[in-house]
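The values are calculated or read from the model by the stated rules, or taken from the named source; none is laboratory data. These numbers were taken from a predicted model, which means no experiment stands behind them. All Cβ positions, glycine included, derive from the backbone under ideal geometry; neighbour counts span all protein chains shown. Heads up: the accessible areas ignore ligands, DNA and RNA and are worked out on the full protein's heavy atoms, side chains in. Shrake-Rupley method; radii C 1.70, N 1.55, O 1.52, S 1.80 Å.
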Amino acid sequence: MKKLFLAVYFIVASFAATNVHAGLNSFADPEQAQAYTKIQSENKKQALKSVKKPDYKDIFEVFEKRGDKVLISDFSEDELNANMAHSVVQSIEAVNAAKENNKSFLEKVYENAIKRATAPNPDYTQNILDNKQVQQVEEQQKAWETPNYATVNVTLPGGTKILAPAIEHIALLLADIDVLANSTVKVSETVVVVANGEKLKNGLSKALPRFSTARDGTQNKIDVNLSSVKINGQEFAYKTEEIGSTIIFSPKQQYELQPGVYTYEFEYIINRQLWTYPDFNEFYWNVTGDFWNLIIARAGATVRIPGTEEALSKTSFIVNQGVAHFNDVRTFNLNPTLIGVASISPVFVGESLQLLISIPKESFLPLNDKKTYWFINDYGDIILSLLGLIAIVGGYFISWIFISENKGKKNTITKTGPVMRYLWKNIFDNISFGSALLEFYKKNIIDIKQEEDKFYLIKISDNVTGLSRLEKNALKNLFIGSESTIEINQKNFLKLKRAFVNLKLDTESKVNRFLLKINSGYVAFSISMLLLAELGISLLSYNPFEDFCALLIINSVLALCIATILHKTKSFLQYLYKPFALLIIAISLIFLGTIVSTPSVIFITLIICAIFVFTHLFSTKNGLIKNTLREINPTIDNLKRNASTIAGNRSFVLYQPQIFALECSEFYEEWTRNKENNKLEIMQKIITKL
């Protein structure tokens, strides 16, 4: 009884949708289509030939008569998000109505559908569903066979009313396809859904494969333009997104779909869905798609081909776990250039209705004018990311030319004693610390005294104008509160150590700012090249703004993680956060791969790494900094050669930090032995004591 109702339901839905009134001819070779279906999953296509099948006109006439006698009730549509009016009756009434006609054939049709849906896979096929999907198929098949469930009145396009199970499913999916002479494909798709708040809580989204595949396994990225989406006749704003290998039509704004019956109408145009061969062009289409997570009670399509000649071949089939089934789908001619396809049984989760049509080449216009556009569409992200990488590498070598020829303007840094030693030796040590104390002495902030074998630092001024924050902190660490004198001994070691750390950080900060300054031009150029590449890639996508923001965020995270890994530290915490940074990099690259192709992921990653590598090279002694380093050796020679002159000069105090930092103190012993303002000898003793 239950099978009879369901058979009447999906058969009537089919014929109200396809509206067939003419003789039907089906062309399909099952064995070859089986091979084609198997190769679709392996990205290899095989040729298909047409074989004329028996005339099914009498079958469809019986179906139409059944549709006119099904028990129906009125149905009124309300606004979206409002409860939909529907009449619920027990399935026994539908069964009684169906009893008035011959049931035997209809029962056989439905039993055949159930047998197909529940049949085990042949040994030679590979199950393409995971365990979760297999479980969903079994659950939906059981739900579909459960007796005594409620029904709902559904009004199909064209005004026909039918009874449908009240479970959540797609009552009808009908695609009206126009294959145009310019090789584009216009699709108008009508989807009637029965929603009850289970899976369709936020409305219906439509998914398409991102690539079309030729017989030899070659893939093209299709170009999709969504024209409009209507829900119960009212147009709604939808967006197009690329997610991995899938193109998604989804609502721009989330909404809650109330239980009821809804008619969705998708209109879109697809480019590059056709494949050209020497003797014919081929159109392959997955009518129902592989992405619905709902039972499709009835599915069908009409395909108009260009020109006046009939298709060279046509076939349709339902694919179930990689196996093509032909007994539950019909292919027919409505006129020489209009082909109809209809399933005569439900399409369960994991199944799909597919068709393949070979069309005469003479029916199409030449496509030479689109090759450049398609090339950019296919490889634009790769080209742009590669150009960005080339520009950054080229900019590096051009910068080297300017460096070698001394054409770049000289960048300056305040040449304090600690800074000059850091640039010279690339370290901050005790001599650097002593030089920093001499800088305080030079600025008349502290005095340095020796009494017998004891050494003292005496604070003589609170005027710290011109000092950096870290230098001020160093003084606070040396002279806590109201203290004005500190003896250099073990008791005050902690104070001296804290001051040492602050002065070291201050020196490193000054040098790093200097390095950033001399690298700023190249870094700005490199980042601008990266941003231009990201912008160009985004403009090739369906959602430029969203993709550009996503690329910007992902690349920022990549740069931060790479900087974290390159950061040198002796802290044991690096063994925790550096592996974590590597994990974040891996996740970021996966997300990046959902937006751009694999080569682009590689090129963009290389761009970010190149910026770090070249910036580091510019910061070495042979990089952009070498002009500054060239000044250090002459300074050392000058301090040594003119020791007597400098020592006798009133400005001798100003030279002492550099003399001490650059290890020239021994050249001044003879000339400054008895001078009161000579602190070089005292500082040498302090450093030795430290």
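Computed quantities for the displayed model
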read-out: Test: residue in the stretch 215-233 that is under 30 Å from K371 (Cα atoms), open to solvent by less than 10 Å² (accessible area, probe 1.4 Å), modelled with pLDDT of 90 or more and not β-branched (V, I, T); value: no
read-out: Conditions (1) open to solvent by 10 Å² or more (accessible area, probe 1.4 Å); (2) in a loop (DSSP other than H, G, I, E, B); number of the one not met by E242; value: (2)
read-out: In the stretch 275-325, residue nearest to E198 (Cα to Cα) [restricted to those that are open to solvent by 40 Å² or more (accessible area, probe 1.4 Å) and of a type in the set (D, E, K, R)]; value: D290
read-out: Subset of the stretch 621-649 that is charged (D, E, K, R) and open to solvent by less than 70 Å² (accessible area, probe 1.4 Å) - its residue that is modelled with the highest pLDDT; value: E631
read-out: Test: residue in the stretch 565-579 that is out of contact with any Phe, Trp or Tyr (no Cβ under 6 Å at 6 or more places or on another chain), under 19 Å from L384 (Cα atoms) and of a type in the set (S, T, Y); value: no
read-out: Every residue from the stretch 457-472 that is at pLDDT 90 or above and not acidic (D, E); value: L457, I458, K459, I460, L467, S468, R469, L470, K472
read-out: Check on L531, within 26 Å of G394 (Cβ to Cβ), free of Cβ contacts under 8 Å to residues at least 24 places away in the same chain and out of contact with any Lys or Arg (no Cβ under 9 Å at 6 or more places or on another chain); value: yes
read-out: Cross-chain or 6+ apart pairs with Cβ under 6 Å, the stretch 413-431 first and hydrophobic (A, V, I, L, M, F, W, C) and in a helix (DSSP H, G or I), then at pLDDT below 90 and open to solvent by less than 20 Å² (accessible area, probe 1.4 Å); value: W424/I632
read-out: All positions within the stretch 650-690 that are open to solvent by less than 70 Å² (accessible area, probe 1.4 Å), modelled with pLDDT under 85 and not aromatic (F, W, Y); value: S651, T672, K675, N677, N678
read-out: F514 vs. criteria out of contact with any Gly (no Cβ under 9 Å at 6 or more places or on another chain), at pLDDT below 90, part of a helix (DSSP H, G or I) and buried (at least 18 other Cβ atoms within 10 Å of the Cβ); value: yes
read-out: Residue that is surrounded by the most Cβ atoms within 10 Å (Cβ to Cβ) [pool: residues in the stretch 580-620 that are in contact (Cβ under 8 Å) with a residue 24 or more places away in the chain and not in a helix (DSSP H, G or I)]; value: V596
read-out: Residue pairs meeting the criteria (Cβ under 6 Å; at least 6 apart or on separate chains; first open to solvent by 10 Å² or more (accessible area, probe 1.4 Å), in the stretch 188-212; second of a type in the set (D, E, K, R) and modelled with pLDDT of 90 or more); value: S188/D176; S188/E267; T190/E265
read-out: Residue, farthest from C609 (Cα to Cα), within the stretch 517-551, restricted to residues that are open to solvent by less than 50 Å² (accessible area, probe 1.4 Å) and of a type in the set (D, E); value: D547
read-out: Complete set of residues in the stretch 326-343 that are open to solvent by less than 10 Å² (accessible area, probe 1.4 Å) and among the aliphatic types (A, V, I, L, M); value: V329, I339, V341, A342
read-out: Failed condition for T288, given (1) modelled with pLDDT under 90; (2) closer than 22 Å to I344 by Cβ; value: (1)
read-out: Qualifying residue in the stretch 258-266 (condition: open to solvent by less than 10 Å² (accessible area, probe 1.4 Å) and charged (D, E, K, R)); value: no
read-out: Selection count, the stretch 451-492, where residues are assigned to a strand (DSSP E or B), under 27 Å from S651 (Cβ atoms) and open to solvent by 70 Å² or more (accessible area, probe 1.4 Å); value: 0
read-out: Residues that are in contact with a Pro (Cβ under 9 Å, 6 or more places away or on another chain) and assigned to a loop (DSSP other than H, G, I, E, B), drawn from the stretch 184-199; value: N196, G197
